[in-house]
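For reference, the structure discussed in these notes is given below.
Every read-out reported here was derived from the displayed coordinates using simple, explicitly stated rules and does not represent laboratory data. These numbers were taken from a predicted model, which means no experiment stands behind them. Quick reminder, even Gly has a Cβ in these numbers, built from the backbone with ideal geometry, and neighbours come from all protein chains shown.
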Amino acid sequence: MKIIVFGASSKSGLEVVRQAVAAGHAVTAFVRDTVKLGTPAAGVTVVQGDATDAAAVAAAIAGQEAVISLIGPTQGGPKSVATAATGNILTGMKQHGVRRLVVASVAGIPAPGDNRGALAGVIGGAIKLFMRDAYADREQQLALLQSSDLDWVAIRLPRLTDDPASGYQLGFPNPGPGLVVSRADLAAAMLEQLTADAWLGKAPIISAKAA
């Protein structure tokens, strides 16, 4: 499958690219800084650009069959980057007839189907208070997806680790502080959702599979 990965130079993005290449996909890595990407694997097409640039995003999506995005707010980075990038991606996908989008979101943002306990509510409130811009960006990003008629899945992330893959589960657990998942399992989940239909139009939380 021809896929483009936005945010490919992040730690999680690098793992997505690595696993996608290993699985035989034709990968395009869209990055703002090629230095962070390092030396790409053989067969990876690198596109340098800004995901908030609508024309650059649309041009990169042309000819692809599916899109993965790991773009999100960073400390000191531009405000509303996830919302702007997602809006540009959705527009580019419609322009070029691409339907499948898998996005990395965060577990702190509520979504339909959630089963949140009191502690998760307190944590979410604290995040909203102290990380107001990032929280609003993620809320608006999810709202954009929910208003789209494309085939999207938003995988909401708890705390990420660099541990080896150990298996993952998607669902609506109580997103407490003990919830974690490895980047390796996140990458596997995002790639699986390129062809799976069970979570279309939904925003499940990913977590390590219970022993």
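Per-peptide packing, taken as the mean over residues of other Cβ atoms within 10 Å, places 149-156, 203-210 in the sequence 149-156, 203-210 from highest down.
Helix 118-130 sits at what angle to the longest principal axis of the chain, using alpha carbons and giving 0 to 90 degrees rounded to 10? Compared with the principal axis, the helix lies near 60 degrees.
For the chain, relative contact order (Cα pairs under 8 Å, six or more residues apart, normalised by length) works out to 20 percent.
Rounded to the nearest 500, the 222 nm mean residue ellipticity of the chain from helices alone is -11000 deg cm²/dmol, with -39,500 (n - 2.57) taken per DSSP H run of at least 4 residues. Each residue of region 85-98 is assigned a 3J(HN,Hα), and the resulting list reads 5, 5, x, 5, 5, 4, 5, x, 5, 5, 4, 10, x, 9 Hz, derived from the Karplus form 6.51 cos²θ - 1.76 cosθ + 1.60 (θ = phi - 60°), x at Gly and Pro. Taking Cα atoms only, the orientation of helix 183-192 departs from the longest principal axis of the chain by about 70 degrees. Residues whose amide H comes within less than 5 Å of that of Ala26, counting only those at least five positions distant or on another chain, are Lys2, Ile3 (H built at 1.01 Å from N in the peptide plane). Positive end of the dipole of the chain (Cβ unit charges, origin at the Cα centre): among Leu191, Leu160, Val21, the Cα lying farthest that way belongs to Leu160. Overall, region 2-208 carries a charge dipole of about 200 debye about its Cα centre when +1 sits on the Cβ of Lys and Arg and -1 on the Cβ of Asp and Glu, all other atoms neutral. In this structure the amide hydrogen of Val47, modeled in the peptide plane, comes within under 5 Å of the amide hydrogens of Ala29, Phe30, Val31, none closer than 5 places in sequence on its chain.
Toward the positive end of the charge dipole of the chain, with +1 on the Cβ of Lys and Arg and -1 on the Cβ of Asp and Glu, the farthest Cα among Gly201, Ala104, Asn174 is that of Asn174. Divided by 2.2 N^0.38 Å, where N counts the residues, the Cα radius of gyration of region 1-90 comes to 1.00.
Close Lys pairs in region 2-208 (alpha-carbon distance under 28 Å; sequence gap of 8 or more, or different chains): 14. Amide H contacts of Thr161: Val181, Ser182, Arg183, each under 5 Å away and 5 or more positions distant or on a separate chain (H built 1.01 Å from N in the peptide plane; Pro and chain starts excluded). 3J(HN,Hα) along region 54-68: 4, 5, 5, 5, 4, 5, 6, 6, 3, x, 8, 10, 7, 10, 10 Hz, from the Karplus curve 6.51 cos²θ - 1.76 cosθ + 1.60 with θ = phi - 60°, whole Hz, x for Gly and Pro. Against the main long axis of the alpha-carbon atoms of the chain, helix 132-146 sits at an angle near 70°.
The phi torsions of region 36-45, fed into the Karplus equation with coefficients 6.51, -1.76 and 1.60 and a -60° offset, translate into couplings of 5, 6, x, 7, x, 5, 4, x, 7, 8 Hz, rounded to whole numbers, with Gly and Pro shown as x. The order of the peptides 84-93, 165-174 by mean Cβ neighbours within 10 Å, most packed first, is 84-93, 165-174.
Counted by Cβ distance under 10 Å from Gly72, the other residues give a net charge of 0, where Lys and Arg count +1 and Asp and Glu count -1. Taking the structure as given and computing Cα extents along the principal axes in Å, which label from [x] 62, 39, 38; [y] 69, 37, 26; [z] 46, 35, 33 fits? Of the listed options [x] 62, 39, 38; [y] 69, 37, 26; [z] 46, 35, 33, [z] comes from this structure.
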